[in-house]
């Protein structure tokens, strides 16, 4: 399907403030970026680089006062997410080098604390994709997805003691449980065409059967129409903006996703 996506941020900075932005999707196996807009108001010089996970990042210094960022794109996205029940576990020695960082504990995904819990949740399931599906079912069973329920980033261990969560919280827990089983898992931030209320969304991917597959504990069924913006070990790696120095006020943030005419229904 063809999607038109946009994200607009209005900020107010007390002084000139350095930023790193991560708002540009890149073309890949599941999405093709046909056209883009990237508007900074007032206009400032931005320098782009690619981080260790392949994400497109922009460095700039925002002037003091009001500053806005608008990004938009027309993207061909997959109509449906790929499913692969029974896809096998991949032995660690067979991982591509790029998958190894997603096997280790990270700031918000303390996988070394979840070994017993992960083994209990997935007992009786075939190693690999089916274990990941069991983890998603477990998270859905005890955590209620409540968009906007909390703005503070919390770790998997903290999420595990709660009864409701936002998408990023649920992704952190899923990632930690997968890694505890020696399954590489990474966090994804992007757009989901069917999301209500509309906002940027987070889910996770796990490496099984020789490739990455999408898992989303917030959804009863795994929907297509996803546009990935950033990949990382956890939320610390995938912030759409990071500012340095004095706090900056986020005045507003508007996210839109529209299916273009002619796309499959």
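Each reported figure results from applying straightforward, stated rules to the coordinates on display, with no laboratory input. Everything numeric in this text was worked out from a predicted model, so none of it was measured. Note: ideal-geometry Cβ built from the backbone for every residue, glycine included; neighbour counts use all protein chains shown.
Once the C-beta distance of residue 82 and residue 51 is scaled by a Förster radius of 30 Å, the resulting FRET efficiency is 0.75 to the nearest 0.05. Once you reduce the range 206-235 and the range 99-129 to the center of their Cα atoms, the two points are 16 Å from each other. Expressed as an acute angle from 0 to 90° and rounded to the nearest 10, what is the orientation of the C-alpha long axis of helix 129-142 relative to the principal long axis of the chain? For 129-142 against the chain, the angle is about 70 degrees. Put the Cα centre of the range 155-182 next to the Cα centre of the range 18-93 and the gap is 24 Å. The length gained on full extension between residue 92 and residue 211, counted as 0.36 nm times the residue separation minus their Cα-Cα distance, comes to 41.5 nm.
A Förster radius of 22 Å combined with the Cβ-Cβ distance from residue 196 to residue 253 puts the calculated FRET efficiency at roughly 0.85.
Suppose we keep just the DSSP beta bridges with both residues in the chain; what percent of those would be antiparallel, to 5?
Counting only bridges with both partners in the chain, antiparallel ones make up about 95 percent.
Where only DSSP H runs of four or more residues are counted, the chain gives -4500 deg cm²/dmol as its mean residue ellipticity at 222 nm, each run worth -39500 (n - 2.57). Counting neighbouring Cβ atoms within 10 Å and putting the fewest first, the residues 133, 43 line up as 43, 133. Counted by neighbouring Cβ atoms within 10 Å, the residues 178, 167 run from fewest to most as 167, 178.
A Förster radius of 41 Å combined with the Cβ-Cβ distance from residue 112 to residue 2 puts the calculated FRET efficiency at roughly 0.45.
The label-point distance for residue 68 and residue 242, in a model that sets each label 7 Å from Cα toward Cβ, rounds to 2.7 nm.
The fewest-to-most ranking of 172, 201, 223 by surrounding Cβ atoms within 10 Å reads 223, 201, 172.
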